[in-house]
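Let me begin by presenting the structure, written as structure tokens, before commenting on it.
The values are calculated or read from the model by the stated rules, or taken from the named source; none is laboratory data. Keep in mind that what you see is a predicted model, and the values were worked out from it rather than measured. Here the Cβ positions follow ideal geometry from the backbone for every residue, glycine too, while neighbour counts run over all protein chains shown. These accessible areas exclude ligands, DNA and RNA; they are computed on the full protein's heavy atoms, side chains included. Shrake-Rupley method; radii C 1.70, N 1.55, O 1.52, S 1.80 Å.
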Amino acid sequence: MKKVKLQVPATVANLVCGFDILGMPIHEPFDKMELRLLETPEIIIKHTDHFKLPEEPSQNVAGVVLLKIQEYLNLKNGFEVIINKKIKPGSGLGSSAASAAGAAVGANKLLGNIFTREELVHFAMFGEELASGVKHADNIAPCIFGGITLVKSSNPIDIIPLNSPDLFVTAVHPQVEVKTSDARQILKKNILLKDAIEQWGNIAGLVAGIQNNDFKLIGRSLNDVIVEPVRSILIPKFSEIKEKSLKLGALGGGISGSGPSIFMLSEKEEISHNIAEMMKSVYNEIDIESFVYVSKINPSGIKIIED
């Protein structure tokens, strides 16, 4: 039996104003996955973590992806997947995307790298659909491509890799759960034209700032007038953390994915660590446990570990 081991990173999606279209991987936390190619057609899912996720393939995001690949290829082989998940489900750091993308990349490696990255995104999106009810690629794409990615279109899939500025990411995960499906339910179905125009300007400015390493423009563009005002009410101390981060020198930031994690971008490592200490302190004051990560933007995404 052939096998492959993967290190699959957490991802920050939306990047404030880029709802469902922008995302980036960070270095920590990350899941570990091991895939084996079986001679029989069964799909076996095993979790070595404590999250008690379903191991029935049709109810597991990695299993769904492998079933779709198996069906597409009319494959007689199956897969065994062992997942050690460190990205907590419901964290807003791309937990479901990590399992889905890892399954697609691992299977592709075992099958001789027969798929393009865009095709891998296509298969992995079935996992996201199971997790949230929507096929979105803003976590999947950066996980597979590495670096900051722009999802120009999900159907047909059109992924544009962007520049990855030399910035530090500080992310805090307060130990409260916000399910992506629930966070989508509270979004407004209609928005004002003036808000849409402002949001389009922010997205365009953010992409231009990323491409040109214009940190001031990035900072001015990290503003969301549509999604953040609604979702932020689900996250304890969100406004306080954002305000204090900016005072400490952050360029800006906001909700990571659907939350409850919050991320901030900084030019200097010292600032990113000061923000991390502040985040931890804010949640300690209200007796909410939190995990804080300081990382550069991960340029490579999923890493195949050679034995």
Quiz item: So which residues in region 244-302 are surrounded by 15 or more Cβ atoms within 10 Å (Cβ to Cβ), within 26 Å of residue 163 (Cβ to Cβ) and hydroxyl-bearing (Ser, Thr, Tyr), if there are any at all?
Solution: 245, 256, 258, 261, 266, 272, 293, 295
Quiz item: Quick one: in region 152-177, which of the residues that are touching a residue at least 60 places away in the same chain (Cβ under 8 Å) and among the charged types (D, E, K, R) is nearest to residue 13 (Cα to Cα)?
Solution: 152
Practice problem: Give the residue, chosen from 211, 199, that is open to solvent by 40 Å² or more (accessible area, probe 1.4 Å), closer than 27 Å to residue 140 by Cβ and not in a loop (DSSP other than H, G, I, E, B). | Solution: 211
Quiz item: Does region 129-166 hold any residues that are within 17 Å of residue 69 (Cβ to Cβ) and in contact with a helix residue (DSSP H, G or I) (Cβ under 6 Å, 6 or more places away or on another chain), and which are they?
Solution: 130, 135, 137, 140, 143, 144, 157
Practice problem: Output the number of residues of region 238-292 satisfying the condition of being among the hydrophobic types (A, V, I, L, M, F, W, C), in contact (Cβ under 8 Å) with a residue 60 or more places away in the chain and not in a helix (DSSP H, G or I). | Solution: 10
Self-check item: Residue list for region 214-223, restricted to those being open to solvent by less than 10 Å² (accessible area, probe 1.4 Å) and small (Gly, Ala, Ser)
Solution: 221
Exercise. Being open to solvent by 40 Å² or more (accessible area, probe 1.4 Å), assigned to a strand (DSSP E or B) and of a type in the set (A, V, I, L, M) is the filter here, so list the residues in region 146-182 that pass it.
Key: 157, 160
Exercise. Take the residues in region 101-139 that are assigned to a loop (DSSP other than H, G, I, E, B), open to solvent by 40 Å² or more (accessible area, probe 1.4 Å) and out of contact with any strand residue (DSSP E or B) (no Cβ under 9 Å at 6 or more places or on another chain), then tell me which one is nearest to residue 20 (Cα to Cα).
Key: 134
Quiz item: When the residues of region 83-100 are filtered to those that are free of Cβ contacts under 8 Å to residues at least 60 places away in the same chain and touching a strand residue (DSSP E or B) at 6+ places or on another chain (Cβ under 9 Å), which remaining residue is surrounded by the most Cβ atoms within 10 Å (Cβ to Cβ)?
Solution: 83
Exercise. Specify which of the listed residues (40, 11) is of a type outside the set (D, E, K, R), open to solvent by 30 Å² or more (accessible area, probe 1.4 Å) and touching a Gly at 6+ places or on another chain (Cβ under 8 Å).
Key: 40
Quiz prompt | Test result for residue 54, under 21 Å from the mean Cα position of the chain (by Cα), assigned to a loop (DSSP other than H, G, I, E, B) and farther than 30 Å from residue 254 by Cα | solution = yes
